[in-house]
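Data first, discussion second: the structure below is written as structure tokens.
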Amino acid sequence: MYLKEAKAHELDVIYTMGFDVWNDGLSFEEYLAGCRRSEKYQAGTWYALTENDQIVSSLIVYSGMFGLKDGCFGVGSVATLPSLRGKGYASHLVSLVKTELFANHNCKAIYLHSDIDHQFYSKLGFVRIDDSDCMFSSNGPSGFDGLMPAFF
Ligand SMILES: CC(C)(COP(=O)(O)OP(=O)(O)OC[C@H]1O[C@@H](n2cnc3c(N)ncnc32)[C@H](O)[C@@H]1OP(=O)(O)O)[C@@H](O)C(=O)NCCC(=O)NCCS
């Protein structure tokens, strides 16, 4: 199992992982077309967890936008193939991406906006900001600096 940056030809597989939750009533074709033309999705870096040459879980990482300051990154669109959920893949992926950002990208803090029970991310070292759905994890002792990024 390993982490990689997704390539352009892998994005349809990645977009499809979240269709059951984020389709907003669209048909599969409409949803996919929306993902393909999304400026937000094009502005981030997609990471994928791969097992036996199959992408099993994915997420996007943003920087330099949504009010994320220098050295701060945002994680979004965490999703696992529906048939493979509950096997630890998303947890492993988030942990690997945290390690990658902190070790190799001068990352001071990682933010996310949780759509799901916060416990999933608490277990992975993220702390909730006030009563919001925004959570962060910092590299070192520094805590939240008071500036919450916009929703992404
Ligand atoms: C949430 C999601 C990414 C988890 O992926 P996964 O590979 O199954 O995750 P893991 O196997 O590492 O962890 C499973 C944990 O996630 C929890 N979980 C899954 N869906 C959840 C939800 N909607 N709310 C709260 N917790 C959830 C499970 O209860 C399980 O908890 P446990 O470890 O205490 O048993 C996956 O269910 C998914 O793709 N959902 C649709 C997209 C989505 O909602 N993404 C979240 C964006 S914030």
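The values are calculated or read from the model by the stated rules, or taken from the named source; none is laboratory data. A quick note: this is a predicted structure, and the numbers were derived from the prediction, not measured. Quick reminder, even Gly has a Cβ in these numbers, built from the backbone with ideal geometry, and neighbours come from all protein chains shown. Protein only, heavy atoms only, side chains kept; ligands, DNA and RNA dropped before computing areas. Shrake-Rupley method; radii C 1.70, N 1.55, O 1.52, S 1.80 Å.
Okay, residues lined up against (1) β-branched (Val, Ile, Thr); (2) more than 7 Å from the ligand (Cβ to nearest atom); (3) farther than 23 Å from residue 2 by Cβ:
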{"site": "76", "(1), (2), (3)": "no, yes, no"}
{"site": "94", "(1), (2), (3)": "yes, yes, no"}
{"site": "105", "(1), (2), (3)": "no, yes, no"}
{"site": "131", "(1), (2), (3)": "no, yes, yes"}
{"site": "143", "(1), (2), (3)": "no, yes, yes"}
{"site": "146", "(1), (2), (3)": "no, yes, yes"}
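Taking first residues from the stretch 84-101 that are in contact (Cβ under 8 Å) with a residue 40 or more places away in the chain and partners that are more than 7 Å from the ligand (Cβ to nearest atom) and open to solvent by 40 Å² or more (accessible area, probe 1.4 Å), the Cβ contacts under 8 Å between residues at least 6 apart in sequence or on separate chains come to 89/51; 92/1; 93/3; 96/3; 97/3; 100/3. Summed over the stretch 113-132, the residues that are open to solvent by 80 Å² or more (accessible area, probe 1.4 Å) and assigned to a loop (DSSP other than H, G, I, E, B) give a count of 6.
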